[in-house]
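See below for the structure under consideration.
The values are calculated or read from the model by the stated rules, or taken from the named source; none is laboratory data. Source: prediction; values computed, not measured. Note: ideal-geometry Cβ built from the backbone for every residue, glycine included; neighbour counts use all protein chains shown. Quick note on the areas: whole protein, heavy atoms, side chains included, nothing else; ligands and nucleic acids left out. Shrake-Rupley method; radii C 1.70, N 1.55, O 1.52, S 1.80 Å.
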Amino acid sequence: MQSITIPMITQAHRLQKDSTLNFRTKLQRSLKLSEKYHCNIHLKREDQQQIRVFKMRGAFNSFMSLSQEQRTKGLVTVSDGNFAEAFAFFCNHLKIKGTVFLPEVCFQWKIEIIQKYGKDYVEIRSVGESFDEAEAAAQEYIKQHDRIMIHPCDNVKAIIGNATIGIEIIEDFPGEVDYVFVPVGAGALAAGIATYFKAMSPNTKIIGVQPDGAASMKASFDAKKIVTIESMSRFCDGSAVKTVPQITYDICQRNLDGLAVVPEGKVSSTILELYNQGIAVEPAGALAVSVLDQYAQEIKDKNVVCLISGGTVDLSRFDEFKEHSLLYEGLKYFFLIQIPFRPGILKSFVSLCLGPDDEISHIHNYNK
């Protein structure tokens, strides 16, 4: 495995600064979260990237590492959506032909965004029901057509590009950073940031966070080897991976100080909480804040950074997030009941089941 060095990361950061694009994002203090958890919390706003997701960094570093011959051959990537957006952006920006493999379950609005960024330089192919199936199709395509793979996570260059976030956090934070909470999907983001912090700020604790419906890295940590999870929720689509790559597993296992799992209902509650603070995030982007309840005692009076990894969210999903949150918080229940048809029966049911502050939001009469 190729080792990742600090000079590699600083060189990637220099390339970002020297480009015509602006990669640097705000490190913004959250007064509400700081008061809630009695500490000093800053949000690293990667949702403010040009395509609203941190994967701009890894994609840029991967593209900049290509030779002219490799660019001429044509490029291929596989993605659940977010890395594909960054890949398409740079294909169009650098005028390089590329092919994107997506699982068939990818949201249609994400496909439209990918095509918008890539314009005539990107072809989209939807294959299989998961990232793993789409990746297998992409690898076969590469063999047949002699193309170059730009992988979103099993890719040293992408990990190095992601690590540049660590440089900006250390440069911009007013003091020493005690904790950094970072989302974990396939692990390329956490691997990059943890590598930089362990070299430059070894006392900082780096905590990875996964959703309980797609905790493939946690399952691998527990098994002490890479495992493939049998079932996976796509609620946090930016973190939904059944099998993590060997390179990110090795780096995360070596450098992370903890790996936590949060319920997806809690993620929905966090999305709404952040939205009320003027920050629209996707489910994966809310993971780092969602976990703070679990660390409330440890982070008290500490300096904390939560990485908001992305904001590519369809606002039409907010009704879904609201209901998901209410169910998780125990503020909404569904009853499926069969009651006899006689006068006063519904009144009796309501009086027995509803408390003084409860309300009925919907009644549906189902007749066989």
**Report entry** Computed P(r) (all Cα pairs; the chain; 10 Å bins; percent)
**Finding:** 5, 24, 32, 22, 10, 5, 2, 0, 0
Query raised in the report: Given charges of +1 on the Cβ of Lys and Arg and -1 on the Cβ of Asp and Glu, with all other atoms neutral, how large is the dipole of the chain about its Cα centre, in debye to the nearest 20?
Result: 580 debye
Query raised in the report: In µm²/s, what is D for the range 130-170 at 4 °C and 1.567 mPa s, where D = kT/(6 pi eta Rh) by Stokes-Einstein and Rh is the Kirkwood radius from Cα pairs?
Result: 108 µm²/s
**Report entry** Accessible area per residue in Å² at 1.4 Å probe, computed on the chain
**Finding:** 47 Å²
Query raised in the report: Using a probe of 1.4 angstrom, how much of the accessible area of the range 120-180 is carbon and sulfur, in percent?
Result: 41 percent
Report task. Pull up the DSSP beta bridges for the chain and report the antiparallel fraction as a percent, rounded to 5. Result -> 10 percent
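Ignoring ligands, DNA and RNA, please state the percent of accessible area on the range 5-105 from carbon and sulfur, probe 1.4 Å. Don't jump to the answer; show the numbers that get you there.
Working: 2020 of 4030 Å².
Within the range 5-105, the accessible surface is 50 percent carbon and sulfur.
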Report task. Please express the Cα-Cα pair-distance distribution P(r) of the range 120-191 as a list of whole percents, one per 5 Å bin, running from 0 to the bin with the greatest distance. Result -> 3, 12, 17, 18, 16, 12, 8, 7, 5, 2, 0
Query - Principal semi-axes in Å for the range 101-222 [√(5λ), Cα gyration tensor, largest first] - result: 32, 17, 15
**Report entry** Lys, Arg +1 and Asp, Glu -1 on Cβ, resulting dipole of the range 1-110 about Cα centre, debye, nearest 20
**Finding:** 380 debye
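Of K44/K224; K32/K242; K36/K198; K110/K242; K157/K218, which pairs sit farther than 26 Å apart, going by alpha carbon to alpha carbon?
On the way: K44/K224 31 Å; K32/K242 35 Å; K36/K198 28 Å; K110/K242 20 Å; K157/K218 24 Å.
Violating the 26 Å Cα-Cα cut-off are K44/K224; K32/K242; K36/K198.
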Report task. With everything on Cα atoms, drop me the angle between helix 55-64 and the longest principal axis of the chain, reported from 0 to 90° to the nearest 10. Result -> 20 degrees
Report summary line: Among GluC sites (Glu not before Pro) in the range 108-161, those in a DSSP loop whose Cβ has at most 13 other Cβ atoms within 10 Å are E129
Requested in this report: Measure nothing fancy, just the Cα-based angle from helix 108-118's long axis to the longest principal axis of the chain, in degrees from 0 to 90, nearest 10.
Outcome: 20 degrees
Requested in this report: Could you work out the Kirkwood radius for the range 170-284, taking every pair of different alpha carbons, averaging 1/r and inverting it, reported in Å?
Outcome: 14.7 Å
Query - Span from the the range 34-105 Cα centroid across to the the range 198-245 one, whole angstrom - result: 20 Å
Query raised in the report: Tell me, how many Å apart are the Cα centres for the range 300-326 and for the range 130-170?
Result: 25 Å
Query raised in the report: With the dipole of the chain worked out from charges on the C-beta (+1 for Lys and Arg, -1 for Asp and Glu) around the Cα centre, which of A199, T228, M8 lies farthest toward the positive end?
Result: M8
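Please report, to one decimal in angstroms, the Kirkwood hydrodynamic radius of the range 237-313 built from all distinct Cα-Cα pairs.
Values: mean 1/r = 0.0721 Å⁻¹.
Result for the range 237-313, one decimal place: 13.9 Å.
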Requested in this report: Evaluate the charge dipole of the range 82-164 about its Cα centre and quote only its size in Debye, nearest 20, assuming +1 on the Cβ of each Lys and Arg and -1 on the Cβ of each Asp and Glu.
Outcome: 460 debye
Query - Listed residues L21, L287, G311: farthest to the positive end of the dipole of the chain (Cβ charges) - result: L21
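Using the Kirkwood formula over every pair of different C-alpha atoms, what hydrodynamic radius in Å results for the range 221-270?
Kirkwood radius, the range 221-270: 12.6 Å.
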Query raised in the report: For the range 110-152, with the dipole built from +1 on Lys and Arg beta-carbon atoms and -1 on Asp and Glu ones, taken about the Cα centre, which of Q144, A134, Y117 lies farthest toward the positive end?
Result: Y117
Query - Helical contribution to [θ] at 222 nm, DSSP H n ≥ 4, -39,500 (n - 2.57), averaged over the chain, rounded to 500 - result: -13000 deg cm²/dmol
Requested in this report: Determine the principal axes of the Cα atoms in the range 1-141, then give the extent along each, sorted from largest to smallest and rounded to whole angstroms.
Outcome: 52, 35, 32
Query raised in the report: Using Cα atoms only, what is the angle between the long axis of helix 246-255 and the major principal axis of the chain, expressed in degrees (0 to 90) to the nearest 10?
Result: 80 degrees
